[in-house]
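Nothing in this text is a laboratory measurement; each read-out follows from the coordinates by a stated rule. Model, not experiment: these values are computed from the prediction. All Cβ positions, even for glycine, are placed from backbone atoms using ideal geometry, and neighbour counts span all protein chains on display.
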Amino acid sequence: MGLVPGGNKTVAIRGDKKFIKTVYDNGTEVEEILRQSDGILIVRRVRHQSFIGDYSEWNYEVGSEDSVPELKPRSSKISVPSIGIRAKSYTPICVRHDLADAFEWHISPLIYPSKTYDVSVEGKFIVVKTTNRKYYKKINLSDIAWVGEKSLDESLLKWNYVGNTLKIRYKKSVSIIRREREQMFLMQKAEKEATSDKKTPGAPSQQCPQQ
Amino acid sequence: MSLPSIISQHLERIGAQSHVRGLGLDDSLQPRDRDGLYGQYAARRAAGIIVRMSQDGGKAGRGVLIVGPPGSGKTAIAMGMAQTLGPDTPFTSMSGSEFYSHEMNKTEALTQALRRSIGVEFHEETEVIEGQVVDIQANKTEDGGDVIGTLVLKTTEMETEYDMESKMLEALSKEKVSVGDVITIDKASGKVTRVGTSFGAGREFDAHGPQTRFVPCPEGELQKRKEVVHTVTLHEIDVINSRSQGFMALFAGDTGEIRPEVRDQINVKIAQWIEEKKAKLVPGVLFIDEVHMLDIECFAFLNRALESRLAPVVVMATNRGISTIRGTSHVSAHGIPSDLLDRILIVRTKKPSKDEVKEILKIRASEEDVEFDFDEESEESPALDYLADISEVTSLRYCIQLITLSSLVAQRRHSAVVEEQDIKKVYDLFLDVDRSSEMMSRDFLFHAEEKDEDDE
């Protein structure tokens, strides 16, 4: 796990999952979902509020809409009206999957030969390039900024191309792991306090309106 | 490669005023015979001054009434005003009868129309797709499915294919986007902007106009966050903010009524933005055609609304003289109560002369791709002359209807041009009001006038 810092947080627990909603003063909303058993972050999605009060679509930083069944919109009626254009179904999609000791991105389907790809570190970003100029992706890893690291470390980066999927792995640095442990500890403490206050063990610490 | 003609045909259907491209005024507001308008110089100059007033901003709540006989160009002048104001100034065109509905009360409909005519301009960072067009294809759908086109966009680093619906295809062809152009698509609103033509686009055989702007092909990812200037109307802000009120949004969509509290909140917010210089107000124009169709309640409301700080320029048009005000038994000039008449400026259009009618018919004929015959000696067109003669005894609108009909008759004769005989034929086939009512008095069984005579 590695939650976004700051904001106004609300937590709800359902089954094995912990839903954390963070709302910032400028209207930006972040929703994060943790797996209770191992503390791994399954989903982080962000949406911004526009100047006139409209919300953008959810932008998935970690995981995707398919990661957790609860995220699927219940009714198609609520969905935002289409602007009349969307990428073809075979457009490559980049999804981040977190592991205990590393961040991992899967980009698929990519159908070009393996020597086409080049993955490198450029400052704060991991950059994926293709020699045929068909695919390009600049991956922002905001987690490193939260521990005060200025740039990524090329030596922690590994990648391979198997079965139409490009897998990129970036090992978590010592300071990132330390931050995650601290957060986990604080959260467990807060939960204990909340449940002892209510004297109803096991009840959700707070109600999250969205989930 | 451009979009197939099937789409452009669909888009460029010929409407009654589709040839109007502006008010036809030069920089010093002198009327010229261009932009699809002819004659009515005084009215056009007056309209030009109103447009200037609206563009200067800050002078809200002005009302203008265009009066004149049917077919004298009232709506055409309003269309010209809209075209002169440009796409970024809100222009709402409504007919007086549109304010009556079962879904919404009259004052709500009027409020929405007024708020649709005021824009707010602001800078905002939003998600856009920016790239160079590699390919545009429009596919015909046999099964009525959603996907009707393919768009391929690229940057220096990547390329992505998109499925398009008819909405996006129309937006692209409106902006005249073709292969090699660099475009941005706003992901929130779907607005398409043509940035320019890419340096790299190899279009050796195409002639470039002097306005062609050359830009480099964008770099990096196709999707990015970019600062753009948005103009949205107050009504759009109202709708968005009443939509995000949770699940109630399902019941109160675009067509429903908007709660006054929402509007109050938004007005306060906008005043704050303007104070902080975050946004600018763009007062637009609300055009109400056939304004005599409004009733006394609407007029009373309009009177009050014109006093509000957030009011657009309201242009009204009517062809009524002294008539009753709807909803009362009172008679007033143009069917409008005198307290409202006091508040507005009146512009007159005159009945066009025979020469003016000829010019107007000529403009309409070229708009409808119809050619009249031409006599070398007199440098006149006998067919056009004849049509103008008909208009003297009937009406201009009737004659405009005859243009396309006569060209169809001419086509049956395998003639490329319309001659006098074609017009005579359609004049005999299709009656105007006067001849039709004359026939009624002769042949029909229960004719009102005849019955009166019998009674006496």
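Numbers for the structure displayed
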item	result
Virtual spin-label span in nm between residue A:94 and residue B:34, 7 Å along Cα→Cβ	5.1
Cβ-derived FRET efficiency at R0 22 Å, residue A:70 paired with residue A:194, nearest 0.05	0.50
Residue B:32 long-range amide H proximity, modeled H, under 5 Å	B:25, B:26
Shielding of B:221-230 by partner chains, average beta-carbon count, 10 Å	1
Set of lysines near residue B:226 by C-alpha distance (under 18 Å), chain-local residues within fewer than 8 positions excluded	A:137, A:138, B:154, B:187, B:191, B:278
Shielding by other protein chains, A:45-55, mean Cβ within 10 Å	6
Size of charge dipole - the protein assembly as shown - debye, nearest 20, with Cβ of Lys, Arg +1 and Asp, Glu -1, no other charges	4160
Within 10 Å of each Cβ in A:85-92, the average number of Cβ atoms from other chains	6
Only Lys, Arg (+1) and Asp, Glu (-1) charged, at Cβ; chain B dipole about Cα centre in debye	1940
Distance histogram for segment A:93-171 (every C-alpha pair counted, 10 angstrom bins, percent rounded to whole numbers)	18, 55, 23, 4
Placed amide H near residue A:86: partners under 5 Å, 5+ positions off or other chain	B:163
Neighbour-count ranking [beta-carbon atoms within 10 angstrom, fewest first] of B:94, B:440	B:440, B:94
Among B:352, A:67, B:439 the positive-end extreme of the charge dipole of the protein assembly as shown (Cβ point charges)	A:67
Among A:89, A:142, A:114: highest mean-square fluctuation, GNM of chain A, C-alpha pairs under 10 Å	A:89
Residue B:264 versus residue B:139: modelled label distance in nm, points set 7 Å from Cα along the beta carbon direction	5.3
Candidate aspartates and glutamates for bridging to residue A:158, where Cα separation is under 17 Å - those fewer than 8 sequence places away on the same chain excluded	A:98, A:101, A:104, A:118, A:122
Potential extension, residue B:271-residue B:346 segment - 0.36 nm per residue separation minus Cα distance	23.8 nm
Expected 222 nm ellipticity per residue - DSSP helices of 4 or more, -39500 (n - 2.57), all of the protein assembly as shown, to 500	-9000 deg cm²/dmol
Efficiency of FRET between residue B:331 and residue B:444 - r from beta-carbon atoms, R0 25 angstrom, step 0.05	0.15
Amide H partners (placed H, <5 Å) of residue B:279, local residues excluded	B:274
Convex hull volume of chain A per residue (C-alpha atoms, cubic angstrom)	159
Residue-wise HN-Hα coupling along segment B:284-296, computed from phi with Karplus coefficients 6.51, -1.76, 1.60 (Hz; x: Gly, Pro)	x, 10, 10, 10, 10, 7, 6, 5, 5, 6, 6, 9, 4
Relative packing of peptides B:383-391, B:350-358 - highest average C-beta neighbours within 10 Å first	B:383-391, B:350-358
Peptide ranges B:125-137, A:6-18, A:152-164 listed from the most packed, as the mean C-beta count within 10 angstrom indicates	B:125-137, A:6-18, A:152-164
Over chain B - Rg/Rh using Cα atoms and the Kirkwood inverse-distance radius	1.01
Pairs of alpha carbons in segment B:354-440 whose separation is greater than 19 Å (percent)	33
Extension gain, residue B:324 back to residue B:379 (0.36 nm per residue minus Cα-Cα distance, nm)	15.0 nm
Computed log₁₀ I(q)/I(0) - Debye formula, equal Cα scatterers, no solvent, the protein assembly as shown, q 0.07 Å⁻¹	-0.67
Spatial separation of Cα centroids for segment A:20-43 and segment B:54-129, in angstrom	45
